[in-house]
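First the structure, in the form of structure tokens, and then the observations on it.
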Amino acid sequence: MILIDTSCWIEALRERGNAEVRRRLHEHVHGGRACWAPVVRLELWNGARGDREKKILREFEQVLTELEMTAEVWDLACDLARRARMAGLTLPVPDILIAACARHHGVEIESTDAHFAELAKL
């Protein structure tokens, strides 16, 4: 399984999104490897524009595995946030949650967001 970050879904939803990102996402989805986390779903619904995007999100909800945000994920997120702060990094809370969720469930992250490279070092 590969947790697809919001940044990749946004590229996929854009009519002129990055072709390479769209290709990889297509492969993950059609290969049955794509999953998301509740925070990714929330970020996408928060930014959804128009009926087309809302329809696509409803379809995603029917086919994608959603990784659970357990108490252990939240504890890991707090630990990552502490370690990031100690390293002088201020990272967005959604990215910390997504990284913690992926680590907890033992899955990779597909993202175009540089914050995940920083989180991977912690």
The simple spin-label model distance between Glu66 and Arg14, using points 7 Å out along Cα→Cβ, in nm, is 2.6 nm
Cα-based Rg of region 2-120 per 2.2 N^0.38 Å, rounded to two decimals? 1.05
Could you order peptides 32-40, 107-115 by the average number of other Cβ atoms within 10 Å of their residues, highest first? 32-40, 107-115
Would you mind calculating the relative contact order of the chain from Cα pairs under 8 angstrom and at least 6 residues apart, reporting the percent as a whole number? 34 percent
Once both labels are modelled 7 Å past Cα along the beta-carbon direction, what's the Glu108-Leu89 spacing in nm? 1.9 nm
Between helix 93-105 and the chain: long-axis angle, C-alpha atoms, 0 to 90°, nearest 10: 90 degrees
Per residue of the chain, what 222 nm ellipticity follows from adding -39500 (n - 2.57) for every DSSP H run with n ≥ 4, rounded to the nearest 500? -20000 deg cm²/dmol
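Laboratory data are not the source of any read-out in this text; all were calculated from the coordinates shown. The shown structure was predicted, so the numbers you read here are calculated from the model rather than taken from an experiment. Virtual Cβ from ideal backbone geometry, glycine too; neighbours counted across all protein chains shown.
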